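Data first, discussion second: the structure below is written as structure tokens.
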Amino acid sequence: MQTDCDRFFVLTGGPGSGKTTLIEALRAAGYRSSVEAGRVIIQDHMAISGPGLPWNDPALFAELMLSWEMRSHAIAMQETGPVFFDRGVPDVIGYLRLTGLPVPAHIEKAAEAFRYNRKVFVLPPWPEIFHQDAERKQDLDEARRTYEAMVETYAEYGYELITVPPAPVQERLSFVLAKAGF
């Protein structure tokens with residue numbers, strides 16, 4: 001699992017910081033990318049009245065996100081060239097810590113096994129673009145705490161955090177590509 005991770009770049013941070021918009025811009029520029037696990041899991045479980053919603057069962061939600069992120073990593077291993085991830089396996093640990101739940105040993109093991117490029121792009125809270133919606137129920141304070149949890153978690157796992165400054169998406173795109181070496 002470690003052999004090809006240098007071409008895998010994670011974008012992380014709190015909700016509502018522009019990660020998905022930036023991932024979409026990377027995709028439009030021709031780069032491969034993953035889809036954010038949390039939002040799709042919430043959409044799917046809301047559609048079927050399923051149990052995997054973070055406000056109903058945060059531990060189950062974390063397990064579902066872990067499975068999604070491991071699958072995204074495996075799919076990326078089959079592709080060539082750089083891949084940009086809308087969050088990664090360590091985000092699951094950050095989420096569990098944020099919610100006050102214990103981090104099971106298998107999730108810690110996954111964060112060690114499923115690696116990404118040492119450079120991780122972190123998007124700080126951006127109040128001017130933050131908004132809540134059907135899947136994003138967190139307020140701005142929780143978005144800030146999520147950002148802090150992700151910064152702490154990725155640093156703990158040996159990643160170099162590169163803060164993506166608040167700016168128009170094309171400027172953010174140029175910034176990320178330059179820092180990634182493209």
Q) Which of 62, 47, 167 moves most in a GNM of the chain, Cα contacts under 10 Å? A) 47
Q) Which of the peptides 4-17, 149-162, 84-97 is most tightly packed, and how do the rest follow, going by the mean number of other Cβ atoms within 10 Å of each residue? A) 84-97, 4-17, 149-162
**Q.** Ranked list, fewest to most other Cβ atoms within 10 Å of each Cβ, for 179, 19, 119, 109
**A.** 109, 179, 119, 19
Q.
Quick check on the chain: helices-only [θ] at 222 nm, where DSSP H runs of length 4 and up contribute -39,500 (n - 2.57) each and the sum goes over total residues. Nearest 500, please.
A. -16000 deg cm²/dmol
Q.
With +1 on the Cβ of every Lys and Arg and -1 on the Cβ of every Asp and Glu, and nothing else charged, how large is the dipole of region 5-180 about its Cα centre, in debye rounded to the nearest 20?
A. 440
Q: Would you work out which of 159, 46, 180 lies farthest towards the positive end of the dipole of region 5-180? Charges go on Cβ: Lys and Arg +1, Asp and Glu -1.
A: 180
Q. Counting pairs of alpha carbon atoms under 8 Å apart in space and at least six apart in sequence, what relative contact order in percent does the chain give?
A. 35
**Q.** For the chain, the spread of Cα positions along each principal axis, largest first, Å
**A.** 42, 38, 31
Q. Looking at 64, 125, 74, which one has the Cα that reaches farthest to the positive end of the dipole of the chain (charges on Cβ: Lys, Arg +1; Asp, Glu -1)?
A. 74
Q) What is the Cα centroid distance between region 59-93 and region 1-47, reported in whole angstrom? A) 9
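No lab work stands behind these numbers, since they all come straight from the coordinates. Keep in mind it's a predicted model, so treat the numbers as computed, not measured. Cβ sites come from the backbone with ideal geometry, for glycine too, and all protein chains shown count toward neighbours.
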